[in-house]
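Asks: The following block contains the structure, expressed as structure tokens.
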Amino acid sequence: MHTRRSFLKTVSIVGGGILTAPHVFGFESQQPSGKKIRFGIISDLHHRQWGTREEVERLKVFIDTCIEQNPDFIIQCGDLCRSTGAEPLMKEWNRYLGKKYHVLGNHDMDSSDKPTIMQIWNMEKPYYSFDQGDFHFVVLDRNCIKKEDGAYIDYASGNWGRHPRKAISHCDAEQLRWLADDLAKTKKQTLVFMHQPIFLSDFSDDIGNANEVLDIFDKANHAERKAGRPDKVIATFMGHDHDDRYGERNGVHYFMLNSATYAYSSGAYFYRDPLFAFVTLDPAGKLIIEGRSSSYNDSVPEKISSRFPAKISNRDIKLT
């Protein structure tokens with residue numbers, strides 16, 4: 001982790017230019033069933049990240065709530081756990097019997113290679129897509145290192161911390177080609193999940209090839225607008241920064257999810273209760289976030305509590 005830097009203001013750019021085509025949200029045209037889609041989401045739990053500190057009880061609160069509310073699926077947005085000591089946490093995660101999905105985060109490979117943590121999670125592929133109702137969902141893996149010769153290697157055993165910041169948080173070239181092709185093939189409007197942000201981040205030297213991902217989103221939406229259709233990519237959910245933010249860029253709504261466990265600013269400040277959220281896609285043309293709020297376990301400096309509120313904000317985003 002690094003000391004926080006100045007907040008990046010939301011902008012609307014594509015390849016140095018502005019996307020001027022009007023943003024049209026097409027719930028009604030794309031959702032003939034009219035069925036709402038609802039999912040539970042949690043990020044940056046960091047089980048066993050701090051020595052032997054367990055976070056099973058935090059996850060239990062999330063799983064209990066999901067069992068009670070029965071969303072269409074649940075997803076964790078990275079930095080769930082290392083391979084060491086993961087068994088009790090995964091037992092809790094698997095107590096939820098509905099559809100559940102994983103996103104890889106950088107710390108998940110701190111004590112193993114990528115295939116090992118994926119096997120523990122029962123995760124078949126590092127990046128993939130799926131449909132739920134009339135929506136398409138994409139999960140990206142930004143845990144690749146770009147070497148000086150242009151070759152990509154996976155995160156493994158904390159190697160990401162031994163490379164220049166500009167070399168980490170990459171999607172490899174094959175994944176980028178897959179993403180463009182996946183978006184072109186689906187006729188459904190799409191939401192994307194990833195761990196490391198491609199927008200809104202303080203860590204301007206830790207965004208890897210974010211611009212290449214953004215460019216793929218821009219091109220996919222531009223093609224739809226040119227054909228008189230609604231945008232293809234409508235929202236993106238990100239973790240990693242342990243902060244609660246929202247911004248819009250070229251018609252795509254970006255949500256940075258706060259950590260379930262703690263804020264970080266030259267040290268960890270733990271929340272009393274776990275943070276997570278439920279997201280509803282409403283066919284009336286809204287994206288609704290129901291977030292959890294908490295407080296800090298101990299007395300923290302005012303500059304921390306005011307800058308990093310212990311919450312995931314409720315949001316009601318009109319998308320028409």
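The values are calculated or read from the model by the stated rules, or taken from the named source; none is laboratory data. All values derive from a computational prediction rather than experimental measurement. As a convention, Cβ positions derive from the backbone with ideal geometry for all residues, glycine included, and neighbour counts pool all protein chains shown. Please note that ligands, DNA and RNA were not included when accessible areas were found on the heavy atoms of the full protein model with its side chains. Shrake-Rupley method; radii C 1.70, N 1.55, O 1.52, S 1.80 Å.
Asks: State all residues of the range 268-285 that are of a type outside the set (Phe, Trp, Tyr) and either touching a residue at least 60 places away in the same chain (Cβ under 8 Å) or surrounded by 20 or more Cβ atoms within 10 Å (Cβ to Cβ) (or both); if no residue qualifies, say none.
Replies: Within the range 268-285, ALA268, ASP273, PRO274, LEU275, ALA277, VAL279, THR280, LEU281, ASP282, PRO283, ALA284, GLY285 qualify.
Asks: Might you let me know whether the range 202-211 holds any residue that is of a type in the set (Gly, Ala, Ser), in contact with a Leu (Cβ under 6 Å, 6 or more places away or on another chain) and within 17 Å of GLY105 (Cβ to Cβ)?
Replies: No, there is no match, as no residue in the range 202-211 is of a type in the set (Gly, Ala, Ser), in contact with a Leu (Cβ under 6 Å, 6 or more places away or on another chain) and within 17 Å of GLY105 (Cβ to Cβ).
Asks: Something else now. Taking ALA156 as the residue in question, decide whether it is more than 23 Å from ILE117 (Cβ to Cβ) and small (Gly, Ala, Ser).
Replies: Answer is no for this residue.
Results for (1) at pLDDT below 95; (2) of a type in the set (Lys, Arg); (3) over 19 Å from THR186 (Cα atoms), shown as yes or no for each residue.
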| site | (1), (2), (3) |
| --- | --- |
| ASP215 | no, no, no |
| LYS219 | no, yes, no |
| TYR262 | no, no, yes |
| ARG272 | no, yes, yes |
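Asks: Might you let me know whether the range 299-309 holds any residue that is in a strand (DSSP E or B), open to solvent by 50 Å² or more (accessible area, probe 1.4 Å) and on the phi < 0 side of the Ramachandran plot?
Replies: no
Asks: Looking at the range 141-162, I want the residues that are under 16 Å from GLU212 (Cα atoms) and have a partner that is among the charged types (D, E, K, R) and part of a strand (DSSP E or B) with Cβ atoms under 7 Å, at least 6 apart or on another chain. Which pairs are those?
Replies: Matching pairs, first to second residue: ASN143/ASP154; CYS144/ASP154; TYR152/LYS146.
Asks: Only residues that are in a loop (DSSP other than H, G, I, E, B) and either out of contact with any Asp or Glu (no Cβ under 7 Å at 6 or more places or on another chain) or without any contact (Cβ under 8 Å) to a residue 24 or more places away in the chain (or both): list them for the range 100-125, please.
Replies: Hits for the range 100-125 are VAL103, ASP110, SER111, SER112, ASN122, MET123, GLU124, LYS125.
Asks: Still on this structure, I have one more. Would you tally the residues in the range 258-267 being in contact (Cβ under 8 Å) with a residue 12 or more places away in the chain, open to solvent by 10 Å² or more (accessible area, probe 1.4 Å) and part of a loop (DSSP other than H, G, I, E, B)?
Replies: 2
Asks: Could you tell me whether ILE75 is under 25 Å from SER157 (Cβ atoms) and open to solvent by less than 10 Å² (accessible area, probe 1.4 Å)?
Replies: no
Asks: Which one is farthest from ILE234 (Cα to Cα), of the residues in the range 274-316 that are hydroxyl-bearing (Ser, Thr, Tyr) and either modelled with pLDDT of 95 or more or in contact with a Ser or Thr (Cβ under 7 Å, 6 or more places away or on another chain) (or both)?
Replies: The extreme case among them is TYR296.
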